[in-house]
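As structure tokens, the structure follows; a few thoughts come after it.
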Amino acid sequence: MPEQIGVLITALSGRALAASARRAGYLPLVVDFFGDDDTRAFASDLVRLDGGVERRFERRALMAALDRLAGSRPVAGVVYGAGFEDRPAIIDAIARRWRVIGNGAHTIARLKDPCAFAALCRDCGIAHPEISPEPPGQPRSWISRRRGGAGGGHIRAVDGSARDGGTYYQRKVAGRTISALFIADGRNSRVIGFSEQWVAPGAGQPYRYGGAVRPAALDPASATSIAEAIERVVARAGLVGLNSADFIISREHSWLLEINPRPGATLDLFEPQESEAGTLFAAHLAACDGELHPVCVDSAGRAAAIVYAEHDIRRVPVIDWPDWAADRQPAGSFVARGEPFCTVVADAPDAAQASRLVHARSARILAAATGRAA
């Protein structure tokens, strides 16, 4: 058997990428902020960064962790996930040391600059909500966002409070939030699947990401329109690898909200369950090398939800974790109110049943964590 190749993985949470990399035959070397039990099981080696996700990535600590994991062994390169949307300079630093398997710093900076992204959408003939760098005159019709923010927790109502230099404003649009996971080779793209997202509001975080379900209910014309819009953005921006595009869809209109130029939150929904169907990790690497490999996703329903702690969990109890729970917190660890406790997945014949099941399971697992009846 040929020797397995190591691959460096870094993200706020590296579990989904590590699991897919392991299935693809690589040795995952992970740097993230959680170091949960199942990530450790998938990883060949792991460094958990201090400070939690609110601190975000700091170049010196991250580079030291990647150096320690790589050691003297050969690695294919670095695959990054969520957490670098406002850190393109760190991706640039990584690229000077290893191969970055994904979009480069320039692409991240362009897509996460609100004015540059709005201009890109305009050039591609794609509707995008109106933005403003200044507080709007009718605040109820607008939301505030942080440049390079991810996960929805940074989105706020406009309340007239002082803003920092990273805040901008976006006009509200109404509709369903649809996300398209796609692969790209720098010129062409292929949509892997569509999902519908929901929010899990927290204290001061009305738009915090809650989860998603697939397949999203889309008519063929809307699906084609989204795929064509993605194709135009890919051709203009030179996107490679796994990416996702978030849209707001109503009966009359659709708007492209943002492009996430890296593997993201819906990996759990679209990772093939059968070995012969391939892996998303392998598809990502191939696309970065200019090859769009097919990824086979069945038509059944699958949902994934983030379970947030409703109160401080001072010591996570010993839990008999079910196989539908991921990102499992080690027993005895502390989870602050509002922080992710775990991820729950559910499979069902259709999306509606999967959504109901994942919410029921979320309540069960949170009850187990707090020692109360579900």
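Do you know the relative contact order of region 1-97, to the nearest whole percent, from alpha carbon pairs under 8 angstrom that are 6+ apart? Over region 1-97, the number comes to 33 percent. What is the chain's relative contact order, in percent, from Cα pairs under 8 angstrom and six or more apart in sequence? Relative contact order here is 14 percent. Entry note, region 108-288: relative contact order of 22 percent, from Cα contacts under 8 Å with a spacing of 6+ residues. In a fully extended conformation the segment linking Arg97 and Ala235 would gain 46.9 nm over its present Cα-Cα distance, using 0.36 nm per residue.
Dipole check for region 71-179: with +1 at the C-beta of Lys and Arg, -1 at the C-beta of Asp and Glu, and the Cα centre as origin, the magnitude is about 280 Debye.
When a/c reaches 1.5 or more, the comparison of a/b and b/c decides; with that in mind, is region 301-370 rounded, prolate or oblate per its Cα gyration tensor? Prolate, since a/c reaches 1.5 and a/b exceeds b/c.
Measuring from a point 7 Å past the Cα of His253 along Cα-to-C-beta, which residues in region 186-212 have an amide N at less than 11 Å? Those under the cut-off are none; the list is empty.
Listed highest first by mean packing, meaning other Cβ atoms within 10 Å per residue, what order do 109-116, 57-64 come in? Can you show the working numbers first?
Working: 109-116: 18.0, 57-64: 15.8.
The peptides rank, most packed first, as 109-116, 57-64.
Of the options (i) 42, 25, 23; (ii) 35, 25, 19; (iii) 28, 26, 23, only one is semi-axes √(5λ) of the Cα gyration tensor in Å as computed from these coordinates, and that is (iii). Simple point charges give the picture: +1 on the Cβ of Lys and Arg, -1 on the Cβ of Asp and Glu, and for the chain a dipole about the Cα centre of about 920 debye.
Once you reduce region 49-114 and region 266-304 to the center of their Cα atoms, the two points are 23 Å from each other.
Electrostatic tally near Trp321: other residues with Cβ closer than 15 Å to its Cβ, Lys and Arg +1, Asp and Glu -1, net -1.
No lab work stands behind these numbers, since they all come straight from the coordinates. None of these values were measured; they are calculated from a predicted model. Positions of Cβ are generated from backbone atoms using ideal geometry, with glycine treated the same way; all protein chains shown enter the neighbour counts.
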